[in-house]
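What follows is a set of notes on a single structure, which appears directly below.
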Amino acid sequence: SPDTKQHFACEYDCYGDSYTADTDLTQIKEVFSRINEND
Amino acid sequence: MEKKVSRIYPVSEPGTIYFLQVTWEKDLGTGFMITLSDAQSAWAGTVSEAEISKEADDMEMEREKYVEELRKALVLGAGPANMYNFDVCKDGENVECCDFSYEKNLKDVSFRLGSLKLQKVSSPTEVIKELICHCLDCIAELHAKKEHLQKENERLLSDWNDVQGQLEKCVEAKEELEADLYKRFILVLNEKKAKIRNLQKLLKEAQEPAEDTAHIR
Amino acid sequence: MEKKVSRIYPVSEPGTIYFLQVTWEKDLGTGFMITLSDAQSAWAGTVSEAEISKEADDMEMEREKYVEELRKALVLGAGPANMYNFDVCKDGENVECCDFSYEKNLKDVSFRLGSLKLQKVSSPTEVIKELICHCLDCIAELHAKKEHLQKENERLLSDWNDVQGQLEKCVEAKEELEADLYKRFILVLNEKKAKIRNLQKLLKEAQEPAEDTAHIR
């Protein structure tokens, strides 16, 4: 829904990485894997 | 001058060894010389280019193919031990000559490859000396080649080990690089996230008094 | 049974080739047989283990060192061509024997390594046949070893090329990985920086009205 979308847009960047929660090796690898060649 | 020495067992004297020496210039098809020795006497003869052509014609075989057969029989010693038969027939009365013949065996059929009359050599000792010297030269040459190849192989093995070591180091370095970069990225990103958290807190605090003020008003 | 055939030029007959065949069981120091042939006649004799010990004692040389010298002179053919001298002395009256001697040259001095009496062989043809057969066997064996080493050589070269290719790919992959990770990191980092810029802007806006309000009050 628009609300959920809005919520996630505030919490996560367009690659799905949280703006506020510290990242670790597993998470950063996961974020990187979502980035495709076009990006 | 090319030369090849081998041993043969004549069909008519299967228990007797003869040493067959074939000499030719570059191409066997231009003619060759046959020397035969039983380590005591020696006989020699030649086969000319024309005789080779005639033999090929008589056999209705392509000249090139015939020369290849001669090479296999007299020089290469190719195929199983009994693929080629040789015979030495000494003329009982004429001890100065002997007939040397060679044929190819194909299953149950033998077909004559060639034959020539060999003349007895007056100084067989010289022929035998030359034959043994040629063998010793071959041995020395092959020994040197073998040593060279062994050194070459050792060098190649050493090179392979070096490159293999470098590959292992590269794989290790790649893994270390990946781990190192991720560590650094995580540190920097988390710095930014801490900054964001702090800004969000300040923003929230900045927005609250404004709401209070509006409320009081 | 070990065997070595070589050619020698006796000091007293420098223009004449003799073929020297040395035969021994595993260790030359336990004794050896000498066969000499000029491609027509043949002479044979043996040197026993005891005779070797005596010779070493007479020379006041350590036995092992003496046997090594014998090996170099009679078997290995080690050193420059004129490092060892050989001589064959036929007793003018007694054609059944000959003296065979061998010595080592050191600059201007020669020292006798050994000597023995050789008996004429009754069937030199057999000796010569055996000598030539041994040479042909050596040639065949060396040829096979050479072929094997050549194949080994080709395999090692191919393996080296493979590993070298893998190394090049690994180096390339490492560089690509580094570039790739940095690219991805930059994208994610810039998202954070954009967020920080946005929050800073909002914070600035949030802080300005509060100042205005304080000013109005």
Notebook entry, point to check: Across peptide B:182-194, what mean number of C-beta atoms from other chains lies inside 10 Å of a residue's C-beta?
Noted result: 6
Notebook entry, point to check: What length, rounded to one decimal in nm, is gained on full extension from B:Gln164 through to B:Glu141, with 0.36 nm per residue of separation minus their alpha-carbon distance?
Noted result: 4.9 nm
Check: Can you list residues whose amide H is under 5 Å from C:Lys90's amide H, if they're 5+ apart or on another chain and H is modeled 1.01 Å from N?
Finding: C:Asp99
Next item on the list: Could you pull out the pairs from B:Lys72/B:Lys104; B:Lys195/C:Lys201; B:Lys193/C:Lys174 whose alpha carbons sit more than 18 Å apart here?
Entry: B:Lys193/C:Lys174
Next item on the list: Determine the relative contact order of chain C: mean sequence separation of Cα pairs under 8 Å and six or more apart, normalised by residue count, in whole percent.
Entry: 14 percent
Next item on the list: Using the structure shown, select from B:Lys4/C:Lys65; B:Lys107/C:Lys4; C:Lys26/C:Lys65; A:Lys29/C:Lys204; C:Lys65/C:Lys151 the pairs with a Cα to Cα distance greater than 29 angstrom.
Entry: B:Lys4/C:Lys65; B:Lys107/C:Lys4; A:Lys29/C:Lys204; C:Lys65/C:Lys151
Checklist line | Residues whose placed amide H lies under 5 Å from that of A:Tyr12, excluding near-sequence neighbours | finding: A:Tyr19
Note to self: Charges on Cβ only, +1 for Lys and Arg, -1 for Asp and Glu, centred on the Cα centroid of the protein assembly as shown; of A:Gly16, C:Gln200, B:Ser101, which one is farthest towards the dipole's positive end?
What the structure shows: C:Gln200
Notebook entry, point to check: Roughly how many debye, to the nearest 20, is the charge dipole of the protein assembly as shown about its Cα centre, given +1 on each Lys and Arg Cβ, -1 on each Asp and Glu Cβ, and no other charges?
Noted result: 1620 debye
Next item on the list: Hand me the chymotrypsin sites (Phe, Trp or Tyr not before Pro) from segment C:122-217 located in a DSSP loop with no more than 11 other Cβ atoms within 10 Å, in residue order please.
Entry: none
Check: Taking a label point 7 Å from Cα toward Cβ, how far is B:Arg112 from its twins in the other copies, in nm, shortest first?
Finding: 6.2
Item checked: From phi via Karplus (6.51, -1.76, 1.60), per-residue ³J(HN,Hα) for segment B:194-201 in Hz, x at Gly/Pro -> 5, 4, 5, 4, 5, 5, 4, 5
Next item on the list: Tell me the distances, shortest first, between B:Ser123 and the same position across the other copies, using label points 7 Å along Cα→Cβ, in nm to one decimal.
Entry: 2.9
Checklist line | Phi to ³J(HN,Hα) by Karplus 6.51 cos²θ - 1.76 cosθ + 1.60 over segment A:29-37, Hz, x for Gly, Pro | finding: 5, 5, 4, 4, 5, 7, 7, 9, 4
Check: Within 10 Å of each Cβ of C:117-129, how many other protein chain Cβ atoms are there on average?
Finding: 2
Margin query: Run the numbers for C:Glu172 and C:Glu60: contour at 0.36 nm per residue of separation, minus the present Cα-Cα distance, in nm.
Written below: 33.5 nm
Next item on the list: Ignore the peptide's own chain and count Cβ atoms of other chains within 10 Å of each Cβ in C:165-175; give me the average, rounded.
Entry: 4
Checklist line | Cα→Cβ-extended label distance, 7 Å offset, between B:Phe111 and B:Asn190, nm | finding: 8.7 nm
Note to self: Placing the label point 7 Å from Cα along the Cα-to-Cβ direction, what are the distances from C:Ala81 to the equivalent spots in the other copies, shortest first, in nm to one decimal?
What the structure shows: 3.9
Check: How much length, in nm to one decimal, is gained on full extension between B:His148 and B:Ser101, taken as 0.36 nm per residue of separation minus their Cα-Cα distance?
Finding: 13.0 nm
Check: What is the packing order of peptides B:101-108, C:126-133, taking the mean over residues of other C-beta atoms within 10 Å and listing the highest first?
Finding: C:126-133, B:101-108
Item checked: Derived scalar couplings ³J(HN,Hα) [segment B:98-111; Karplus, 6.51 cos²θ - 1.76 cosθ + 1.60; whole Hz; x for Gly, Pro] -> 8, 9, 10, 9, 9, 9, 10, 9, 10, 6, 9, 10, 10, 10
Notebook entry, point to check: With labels modelled as points extended 7 Å from the Cα through the Cβ direction, what inter-label distance (nm, one decimal) is found for C:Ser41 paired with B:Asp180?
Noted result: 8.3 nm
Next item on the list: With a 4.7 Å Cβ cut-off, tell me which Cys residues in chain C come up empty for a partner.
Entry: C:Cys89, C:Cys97, C:Cys98, C:Cys133, C:Cys138
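Quick note: the coordinates plus some simple rules give every number you see, no bench work behind them. Computed from a prediction, not measured in an experiment: that's the story for all the values here. So basically every Cβ, Gly included, is an ideal-geometry build from the backbone, and we count neighbours across all protein chains shown.
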